[in-house]
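These notes are about the structure you will find just below.
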Amino acid sequence: MTAPLLVAMPGNEAMAHKLAPMLAAEVGGIELRSFPDGETYLRFMSSLSDRTLVIVCTLDRPNEKILPLLFAAATARELGATKVGLVAPYLAYMRQDRRFKPGEAVTSREVARLVSDRFDWLVTVDPHLHRYGSLAEIYTIPTCVVHAAPLISQWIREHVSNPLIIGTDIESEQWVSAVAHDADAPYSVLEKIRRADRDVEISIRDMQHLDGRTPVLVDDIISSGRTMLEAVRLIMQPGAPKPVCVAVHGLFADLSDILLVQTGARVVTSNSVPHKTNDIDVAELVASAITGLRS
Ligand code: R5P
């Protein structure tokens, strides 16, 4: 059987090179650039005939990535790829899971339709499943979700002594309690009201006293950073250990990585989105998920 071909869309090279040996895959090349008018030029640099192609493309800042990704998948089929899988460690648009106001687009469904039409399967890491029970509600292709919680617990065990795990909203309680259980630490959950994209109010519901513990705030996504920034401000106490902010996906809009570091907090993310705060490696779990879907 020919080895599968892994192709990294721009910015995903590090993940593709980590995955390749775990999958006994070859890394293929792609030329992708913009014409002067902004249209996309795309060319595969390896033969795709009769091969399984795995495209690695995390979907932070998705609008600029989705059209080239769809071109790539369609072209791969034209060039003879037998299967085309997508590894999108961060899956965009999942938070638009309802028509909150009349007339709004439920973009999670639209992205799911576009991806399902072009790919044979999808592997992702902790998609934001809030009002959907599973990806199968909107994706019509086989999907496999990697859960970063055990890796987060392991990171906390190895790097933080005497932690108190803190979830940033009530919805995160189940997830946060699992992280805390595996990290052998107590946990508390804050209350969050989001009034607008950049207007978040966080309050303490029933928090355990820090008692010298290091607060470890955990969330699935840091986007504008308002949730983490407000939480850090709320729990930061003079003389107490500085908080650690841990997220699966660091999107860091609005320079929120810099703003968070300026508070004195340590910021740690998984490598689902490449960033200098990546200290939790999901590649091995992603490789197992790919193997499971391909077999
Ligand atoms: C929301 O439900 C998520 O779990 C995150 O808390 C949220 O996406 C963070 O967004 P931001 O960084 O913009 O406050």
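Assorted remarks:
- Within the range 225-253, residues that are within 20 Å of Ser203 (Cβ to Cβ) reach partners that are near the ligand (Cβ under 10 Å from one of its atoms) and in a loop (DSSP other than H, G, I, E, B) with beta carbons closer than 6 Å, at six or more positions or on different chains, in the pairs Arg226/Arg198; Thr227/Thr168; Ala231/Thr168.
Rundown of residues vs (1) buried (at least 20 other Cβ atoms within 10 Å of the Cβ); (2) part of a loop (DSSP other than H, G, I, E, B); (3) within 16 Å of the ligand (Cβ to nearest atom), yes/no style:
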position: Lys192; (1), (2), (3): yes, no, yes
position: Met207; (1), (2), (3): no, yes, no
position: Leu229; (1), (2), (3): yes, no, yes
position: His275; (1), (2), (3): no, yes, yes
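- If you go through the range 194-205 and keep only what is farther than 18 Å from Ser224 by Cβ and surrounded by 13 or more Cβ atoms within 10 Å (Cβ to Cβ), you end up with just Ile204.
Condition check ((1) touching a Gly at 6+ places or on another chain (Cβ under 8 Å); (2) under 15 Å from Ala247 (Cβ atoms)) across all residues:
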| position | (1), (2) |
| --- | --- |
| Phe119 | yes, no |
| Leu122 | yes, no |
| Ser134 | no, no |
| Pro142 | no, no |
| Pro150 | no, no |
| Trp155 | no, yes |
| Thr168 | no, yes |
| Val179 | no, yes |
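- In the set (1) out of contact with any Pro (no Cβ under 7 Å at 6 or more places or on another chain); (2) away from the ligand (no atom under 14 Å from the Cβ); (3) within 17 Å of Pro89 (Cβ to Cβ), Gly250 fails one condition alone, (2).
- Extreme residue, surrounded by the most Cβ atoms within 10 Å (Cβ to Cβ), among residues of the range 19-43 that are in contact with a helix residue (DSSP H, G or I) (Cβ under 8 Å, 6 or more places away or on another chain) and over 22 Å from Pro62 (Cβ atoms): Ala25
- Subset of the range 136-180 that is within 16 Å of the ligand (Cβ to nearest atom) and free of Cβ contacts under 8 Å to residues at least 24 places away in the same chain - its residue that is surrounded by the fewest Cβ atoms within 10 Å (Cβ to Cβ): Gln174
- For the range 209-227, the candidate set comprises residues that are more than 12 Å from the ligand (Cβ to nearest atom) and either within 16 Å of Ile170 (Cα to Cα) or under 24 Å from the mean Cα position of the chain (by Cα) (or both); within that set, the residue that is surrounded by the most Cβ atoms within 10 Å (Cβ to Cβ) is Val216.
- Residue tally, condition among the aliphatic types (A, V, I, L, M), part of a helix (DSSP H, G or I) and surrounded by fewer than 21 Cβ atoms within 10 Å (Cβ to Cβ), over the range 113-134: 1
None of the figures in this text is laboratory data; all of them are computed from the coordinates on show. Because the structure is a prediction, the values reported are computed rather than measured. Every residue, glycine among them, receives a Cβ derived from its backbone with ideal geometry; neighbour counts consider all protein chains shown.
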